[in-house]
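The values are calculated or read from the model by the stated rules, or taken from the named source; none is laboratory data. These numbers come from a predicted model, not from an experiment. Cβ: placed from backbone, ideal geometry, glycine included. Neighbour counts: every protein chain shown. Surface accessibility is based on the protein's heavy atoms, side chains included, excluding ligands, DNA and RNA. Shrake-Rupley method; radii C 1.70, N 1.55, O 1.52, S 1.80 Å.
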Amino acid sequence: MASETVYILQTYVAGRGGALKAEPQVGCKDAEEARRKAERLAPLRLGVVAFSVSADTELGDYDETPTIIFKAGQLPEMFD
């Protein structure tokens with residue numbers, strides 16, 4: 001039940017009615033990998049965010065406040 005830092009890349013594309021549609025999240029090994037992937041995908045997606053959260057992956061318990069590493073484009077309010 002040890003807490004660890006998880007690095008996640010989340011991208012968004014156009015959904016129905018112009019709403020943002022989240023693509024599947026991508027796990028990254030560290031903050032630098034998450035940033036590089038996000039920067040590379042930013043011109044290709046409506047929105048991109050790389051962030052880290054503290055998590056107990058065994059229990060599926062994730063911190064509700066992400067630490068933003070990189071963001072670009074249109075994103076949901078939770079990433080403001």
Keeping to the range 31-75, report how many residues are farther than 14 Å from Val6 by Cβ and either at pLDDT below 95 or assigned to a helix (DSSP H, G or I) (or both).
11
Do you know which residues across the range 13-24 are exposed (fewer than 12 other Cβ atoms within 10 Å of the Cβ) and either within 17 Å of Ile68 (Cβ to Cβ) or at pLDDT below 95 (or both)?
Gly15, Arg16, Gly17, Gly18, Ala19
Do we have Thr5 as in a loop (DSSP other than H, G, I, E, B), open to solvent by 60 Å² or more (accessible area, probe 1.4 Å), β-branched (Val, Ile, Thr) and out of contact with any Cys (no Cβ under 9 Å at 6 or more places or on another chain) here?
no
Flagged pairs (Cβ under 7 angstrom, 6 or more apart or on separate chains; first in the range 27-44, hydroxyl-bearing (Ser, Thr, Tyr); second part of a helix (DSSP H, G or I) and open to solvent by less than 100 Å² (accessible area, probe 1.4 Å)) are none
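Residues to consider are Gln10, Gln74; find the one that is touching a residue at least 12 places away in the same chain (Cβ under 8 Å) and open to solvent by 90 Å² or more (accessible area, probe 1.4 Å). Write out each step before concluding.
Working: Gln10 fails: open to solvent by 90 Å² or more (accessible area, probe 1.4 Å).
Criteria check complete, one pass: Gln74.
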